[in-house]
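Scroll down for the structure; my scribbles are underneath it.
Throughout, read-outs are computed from the coordinates displayed, never taken from laboratory work. These numbers were taken from a predicted model, which means no experiment stands behind them. Here the Cβ positions follow ideal geometry from the backbone for every residue, glycine too, while neighbour counts run over all protein chains shown.
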Amino acid sequence: MTSSSNSSKQQRPPPSRRDFSSTTVRHDKKRQREPLPPPPSSSSSSTNPNRPTHFLALPIGHHVELRNAVDSLTSSWLAHEPPIDGLDPSIVINPRRLHLTLGAIALNTTTTAAPSSTSGAAPYDDPRGPLDLTAATELLVSLAPRIRGLLAHHPLRVSLGRLAIMQPDPTRAHVLYAEPDVHSTDGIRLRAVCELVHSAFKQAGFLTDARRPLKLHCTILNTTYRRPSPGQRRPPGRIPFSFATFPPDSKDGGTLSNLGTWTVDEVQICKMGSWAPDGAYVRVAGCDLRSMSIGLD
C-alpha cells in the first residue's frame, strides 16, 4: 500500500508553469474589466458628509435691540446666585451671530478637474454637477420667485418663543436655543420659506446630513465653544450645563417675551466658523428678501 501510494504521487505531473502564468493573466484581465471607483475629490468636504464648510441661515443678529435683549438675558444668568451649574461666559453665543440655521452644507472649494481614467473609461462625473459655491448660489437665487410667492408681499419675520435644549436630560444640557413661533400667520410663513430652502438644497445633494429633519432654532448657549480657565487644560469632553437650575421665568417663556419679533432681510450662505469684522459670520452669498415686501403691515 505504501509503495503503491508513493508511486501514484510520483506519477502525478507537476503543475504547469504555463498554466499558472495563464491563470494569472486571466485574473489581471478580469480585474481590468471591473469598473474603476470614482477618483478622490480634490476637496474632502464634497465626499465627506460630516465635514460642512458652509451653512444656510436667516440672520437676525444685525438688530441692535435683539442683541441688547439677549445680552441682558444671558448676563442675568451669569450673575445668578447661586451660580448655574456649568454656565460660563465662553459658551454664550455672540449676539451678533444670532441666526436660524436652515442646514449645514459641504461645498467643493477647489476647481481642480478630476483625473482622467487610464483604462479608457469615462472619467468620474457627478451627475448633479459641481457642488460648489457657484452652484449653491445659483440654486438659492433660483428659489426667489417661489419665496416671493410664499411671502405674498409680506416681510419674513421671526418671533422668538420659549427656551429649549437639545438634550433630553436638563441637568446635562449642551445647547440652549430660543424656539421661533411657527403657528401664527408670520410663523406659518416662516416655516414654509424655511422648508422650501431646506428641501431644495437637500434634493440637490448639498446638505451634509440629509436624514436630519429641519429644526428651526436660534442658539444662545453652546458648550462646543467652552474655553478652559487660565492655567487649566481643555477637558477631554464637553462639559454640560444644568438647565434645571435656570431661573424659573427663563423656562416658562416669560422672560423671552422681551426678545420680540424680528424681520429677516436675507437668506444667506455663510462660511462655517468664520468671523466678520463686526463679529457676524462671513456671508458669501444671499437672496435678498427686502424687495419682496411692500410694507402691507
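First measure r as the distance between the Cβ atoms of residue 188 and residue 79, then evaluate 1/(1 + (r/R0)^6) with R0 = 41 Å and state the FRET efficiency to the nearest 0.05. For R0 = 41 Å, the calculated efficiency reads 0.65.
For segment 49-112 and segment 146-225, compute the distance between their C-alpha centroids and round to whole Å. First find each Cα centre; the distance between them is then 13 Å. Computed from the Cβ-Cβ distance with R0 of 22 Å, the FRET efficiency linking residue 282 to residue 152 stands at 0.10. With the simple model of a label 7 Å out from the Cα in the direction of the Cβ, residue 195 to residue 169 spans 3.4 nm. Phi angles across segment 63-76 convert, under the Karplus curve 6.51 cos²θ - 1.76 cosθ + 1.60 with θ = phi - 60°, into 3J(HN,Hα) values of 7, 4, 5, 5, 4, 5, 5, 5, 4, 5, 5, 5, 5, 5 Hz, Gly and Pro given as x. Would you work out if segment 185-235 is rounded, prolate or oblate? Take a ≥ b ≥ c from the square roots of the eigenvalues of the alpha-carbon gyration tensor; rounded if a/c is under 1.5, else prolate when a/b is larger than b/c, oblate otherwise. Oblate.
Computed from the Cβ-Cβ distance with R0 of 30 Å, the FRET efficiency linking residue 209 to residue 109 stands at 0.95. The ranking of 215, 271 by Cβ neighbour count inside 10 Å, starting from the fewest, reads 215, 271.
Cβ-to-Cβ counts within 10 Å put 56, 66 in ascending order as 66, 56, the fewest first. Taking amide H as placed 1.01 Å from N in the peptide plane, residue 265 has no amide H partner under 5 Å among residues 5 or more places away or on another chain. Relative to a virtual label point 7 Å from the Cα of residue 249 in the Cα→beta-carbon direction, which members of segment 75-100 show backbone nitrogen distances below 17 Å? Residues 75-82 fall inside that zone. Model label points for residue 266 and residue 227, set 7 angstrom from Cα along the Cα-to-Cβ axis, are 2.8 nm apart. In order along segment 227-233, the phi-based Karplus estimate (6.51 cos²θ - 1.76 cosθ + 1.60, θ = phi - 60°) of 3J(HN,Hα) comes to 10, x, 5, x, x, 10, 7 Hz; Gly and Pro are listed as x. Ranked by how many other Cβ atoms sit within 10 Å of their own Cβ, fewest first, the residues 275, 77, 262 fall in the order 275, 77, 262.
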